[in-house]
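Okay, so here's the structure we're looking at.
Please treat every number below as a calculation from the coordinates, not as lab data. Keep in mind that what you see is a predicted model, and the values were worked out from it rather than measured.
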Amino acid sequence: MSTPSPKSHWPKLIAVLVLVAITVTIFATGAYERIDPVAIQGTLQDAGLWGGLLFILAFAVLQPLHISAHVFIIAATLVWGPGEAILYAWTGSMAAAAVCYAFGNWVGEDWMAERLPDRFALRMNKIQAHSFKATLGVKLLFFTTPTLQMAFGAFKVDFRKCMAATAIAHAIYIIPEVLLGDQIAAWASSVWGG
């Protein structure tokens, strides 16, 4: 395998630094605290299908920055009825998983190849050979943890098998959470005094 030139690492490094800077800015400035849920709910409902698409896009872009998927799932529950909420939350989670996979594949391949010990190559081959089972097991334990989702791309897990296992695992989490969303939101409000 040929080693890429050092110049080819710059776009990847810049992309990682930009994502880190955006994440730090969102949390350091407190921008996430200024979100008005009532205004967002009204806007999404008034926008119809476009509101659902905007929600999916936000889920796909923000969840990989380590914004909890549960925030999006509960938000969907509070905005739409159960059927639409499940559809939008599941689709958004799948889009976020695809974004993480693609980013991990793009950034991680070179980094992984240079740094992993030789003995790990056998394990990598097993993970790749059992892409569906490996993904399903990790997803059932860790749901949408972005760094793990990026690792699937970096480890060259078969994309179709990875997404099939992701679809099942995400449905197992999302359906009950949406159906119990009102109770979860009421409980969270009582616990955190919202």
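Cα centroids of segment 51-81 and segment 132-188: how far apart, whole angstrom? Taking the Cα centre of each part, segment 51-81 and segment 132-188 sit 14 Å apart. The string of couplings for segment 152-159 from the Karplus curve (6.51, -1.76, 1.60, θ = phi - 60°) is 4, x, 5, 7, 6, 5, 4, 4 Hz, one whole number per residue in order, with x for Gly and Pro.
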